[in-house]
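One structure below.
Readers should treat all values here as calculations from the given coordinates under stated rules, not as data from a laboratory. Quantities reported herein were computed from a predicted structural model and do not represent experimental measurements. Neighbour counts are summed over all protein chains in view; Cβ atoms, including those assigned to glycine, are modelled from backbone coordinates with ideal geometry.
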Amino acid sequence: REAAERYRWRKPVCIHTPLLTGLKGPVEDTGSIFDEDKKVSLMIGSKMSKSIPGSSILIHDEPEEVKMKLRNAFCPPRETRGNPVMEIVKYIIMPERGEINIPRPQKYGGETVFTDYELLENEYRNGRIHPLDLKNGAAEELVKLLENVRRHFKENPKLLEMMKNMDVTR
């Protein structure tokens with residue numbers, strides 16, 4: 001951004017978001033060094049990536065594919081750090097929808113709606129939400145969030161094809 005003025009370019013708009021952990025969970029050592037700080041390097045190596053099959057949810061994934069990917073996602077009980085499902089809830093679902101519905105059988109507390117991420121995190125950390133219930137709730141919310149995108153691509157199949165043909169950078 002600072003160099004733009006010097007070259008008489010427009011300043012670019014920069015959007016910075018946290019890297020989301022890939023659905024397969026944190027990786028140990030990939031052998032690749034992305035940063036001098038080993039923790040940062042491992043975090044970068046563990047991120048969601050289009051080039052690592054099954055590690056990410058793509059905006060054009062069909063509902064059943066989203067559900068399957070989340071069902072198979074790394075989601076250790078009571079663990080919120082490095083948990084890709086919790087990150088999806090925190091950084092995507094809660095900011096966009098303002099709530100998450102956790103469907104559960106009545107004998108386990110029944111359906112619960114959370115409008116506060118910290119409360120959800122606390123309930124999960126204390127074992128009052130089962131990982132599969134969290135995954136199912138997150139999957140349903142993501143399917144709803146991506147509905148407009150799916151509709152857009154159904155109406156514009158050439159755009160979908162162009163996006164699917166984008167080069168993978170890994």
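On full extension, the segment bounded by GLU123 and ASN101 gains 6.6 nm, given 0.36 nm per residue less the C-alpha separation.
The chymotrypsin sites (Phe, Trp or Tyr not before Pro) of the range 73-170 include none that DSSP puts in a loop with a beta carbon having at most 15 other beta carbons within 10 Å. The ranking of LEU120, LEU146, LEU132 from fewest to most other beta carbons within 10 Å of each one's beta carbon is LEU132, LEU146, LEU120. Taking a ≥ b ≥ c as the square roots of the eigenvalues of the Cα gyration tensor of the range 44-143, is the shape rounded (a/c under 1.5), prolate (a/b larger than b/c) or oblate? Judged from the Cα gyration tensor, the range 44-143 comes out prolate (a/c at least 1.5, a/b above b/c). Which one, ALA138, PHE74, MET86, is farthest towards the positive end of the dipole of the range 72-170 when Lys and Arg carry +1 and Asp and Glu -1 on their Cβ? Value computed over the given set: PHE74.
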